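Visitor: Quick one: the structure is below, and I'll ask about it shortly.
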Amino acid sequence: MLPERVFSALSSKTRIEILRILAVKPSGVMEILDELRRRGFGIKYRESVYRALEKLTAAGLLEKYYDKKQKGIRYRLVKTKLEIDFQAGRIS
């Protein structure tokens, strides 16, 4: 994980809330959108959630996979905790 990507991904309240949602269970875009709306986030478009998910995935915080049972793309957390080593410039 590159620290710059992780910090950038965590600079949004919406993306942090998405991580909280996915900490409970892996979900698809529409499930996450519905939950964000239920929690009072004024998101209108599914594409906004998709872009947030892709940014979190690129940062190494999420894993994107195809669920055969649900027949769709789902996202899940890679880790529930992050450790930052400022001297080495790493996040683990």
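Laboratory data are not the source of any read-out in this text; all were calculated from the coordinates shown. What you see is a predicted model, and the numbers here were worked out from it, not measured in a lab. Because the Cβ atoms are built from the backbone with ideal geometry, glycine has one as well, and the counts that use them run over all protein chains shown.
Visitor: Would you pick out the residues in the range 57-74 that are touching a Phe, Trp or Tyr at 6+ places or on another chain (Cβ under 8 Å) and within 15 Å of Ile18 (Cβ to Cβ)?
Guide: Thr57, Leu62, Glu63, Lys64, Ile73, Arg74
Visitor: Being at negative phi and touching a residue at least 40 places away in the same chain (Cβ under 8 Å) narrows it down to one residue among Ala59, Ala88; which is it?
Guide: Going through Ala59, Ala88 in turn, just one is at negative phi and touching a residue at least 40 places away in the same chain (Cβ under 8 Å): Ala59.
Visitor: While we're here: For the range 26-56, give me each residue that is under 13 Å from Tyr75 (Cα atoms) and without any contact (Cβ under 8 Å) to a residue 12 or more places away in the chain.
Guide: Scanning the range 26-56 gives Glu31, Arg51, Glu54.
Visitor: Turning to a different aspect of this structure: Does at least one position in the range 44-51 carry a residue that is surrounded by fewer than 12 Cβ atoms within 10 Å (Cβ to Cβ) and acidic (Asp, Glu)?
Guide: yes
Visitor: In the chain, which helices (runs of 4 or more DSSP H) lie fully inside it and hold 1 or more residues that are under 9 Å from the mean Cα position of the chain (by Cα)?
Guide: It comes to 3-9, 13-24, 46-58.
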